[in-house]
Amino acid sequence: MAKKIIAITGSYRQGGVTDQAVAEVLAGAREAGAETGTIDLIDRRVEFCSNCRSCTQEPGEKRGACVLNDDMESILSAIDAADGLVLAAPVNCFNVTAIFRRFMERLLSYAYWPWGALGPEMRLRARRPAVLITSSAMPSLFGRVATGAIRALKGTAQAAGFRPAGSLFIGMASMKERPSLSEGEKRRARALGRRLAAA
Ligand SMILES: Cc1cc2nc3c(=O)[nH]c(=O)nc-3n(C[C@H](O)[C@H](O)[C@H](O)COP(=O)(O)O)c2cc1C
């Protein structure tokens, strides 16, 4: 059966470099025989976590039920059914975009954190592979150390039960109004997609 690879994107615009990189990774995954799908967070209704922690009270591997009624349940069901994940968000103000952080906070249901416990314990082992993608105005080498983007994407993957299997940091992405990926970046993105489908 074909592997299912799902991308969650936290970019604010279609056709930007983050979007282009996701498209290349998914094309690579399809070349390797996977089925792919994309969820653009900007098109979904994702409310702020209310910090009520009712989703964290029951033990076990099954994620807790959230009291909010929005699109998160369908997004999380798609993630749960995936064999591989692509997580993508540009750097805004030295970290992933606000829309992506809003999504991140809602992954609390993957944690067991009863009242009285100091901190959360993740319900799932990070076994399935994930590819992490971000982009920034600053050069990528600088962006990797000076921003929290890769760390945020990694934590997000692990919370949902995925282990980082590769990352792509597209630097110098703000020189043009409509930037495009270099040929090298396209090649790297495709290779990551093929690796994701083969893992
Ligand atoms: C509000 C805002 C904040 C930004 N903050 C940063 C930043 O802190 N560091 C950086 O290198 N680039 C920053 N950028 C540049 C974006 O990271 C860059 O334009 C991004 O790669 C665009 O991705 P997209 O083409 O997918 O939309 C910022 C851009 C905007 C609009």
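Each value in this text was obtained by applying a stated rule to the coordinates, not by laboratory testing. Please read all numbers here as calculations on a predicted model, not as lab measurements. Don't worry about glycine lacking a Cβ; one is built from the backbone with ideal geometry, like all the others, and counts go over all protein chains shown.
Which ³J(HN,Hα) values in Hz, rounded to whole numbers, follow from the phi angles of the range 90-107 under the Karplus curve 6.51 cos²θ - 1.76 cosθ + 1.60, where θ = phi - 60° and Gly and Pro get x?
Rounded to whole hertz, the list is x, 7, 10, 6, 6, 7, 5, 4, 4, 5, 6, 5, 4, 5, 3, 4, 6, 7.
Just the Cα atoms of the range 1-92, one point each, no solvent: what log10 I(q)/I(0) does Debye give at q = 0.16, 0.18, 0.24 Å⁻¹?
-0.76, -0.90, -1.21
Which whole-Hz ³J(HN,Hα) couplings does the range 6-13 yield from phi under the Karplus relation 6.51 cos²θ - 1.76 cosθ + 1.60, θ = phi - 60°, glycine and proline marked x?
Computed from phi, the couplings for the range 6-13 are 10, 10, 10, 10, x, 8, 8, 9 Hz.
Which residues' amide hydrogens lie under 5 Å from the amide hydrogen of residue 86, considering only partners 5 or more residues apart or on another chain, with H built in the peptide plane?
HN-HN under 5 Å from residue 86: 6, 7, 8, 131.
Kindly list the residues of the range 100-121 that lie in the label zone of residue 50, defined by a backbone N under 13 Å from the point 7 Å along the Cα-to-C-beta vector.
So the set is empty, nothing qualifies.
Taking the Cβ of each residue in 68, 41 as the centre, tally the other Cβ atoms inside 10 Å and list the residues starting with the fewest.
Arranged by neighbour count, lowest to highest, 68, 41 become 68, 41.
Quick one: which of 81-92, 186-197, 164-175 comes out on top by average Cβ neighbours within 10 Å, and what's the full order, highest first?
81-92, 186-197, 164-175
Got a sec? How would 185, 121 order by Cβ neighbour count within 10 Å, fewest to most?
121, 185
Step by step: find N for the range 1-158, compute 2.2 N^0.38 Å, then divide the Cα radius of gyration by it. What's the final number?
Expressed relative to 2.2 N^0.38 Å, the Cα Rg reads 1.05.
Between residue 127 and residue 140, with labels modelled 7 Å along Cα→Cβ, what's the label distance in nm to one decimal, could you check?
Computed distance between label sites residue 127 and residue 140 equals 3.1 nm.
Separation of the range 37-108 and the range 3-23 by C-alpha centroid, Å?
16
Rounded to whole Hz and in sequence order, give me ³J(HN,Hα) for the range 142-149 from the Karplus expression 6.51 cos²θ - 1.76 cosθ + 1.60, θ = phi - 60°, writing x for Gly and Pro.
Running phi through 6.51 cos²θ - 1.76 cosθ + 1.60 with θ = phi - 60° gives 5, x, 5, 9, 8, 10, x, 5 Hz.
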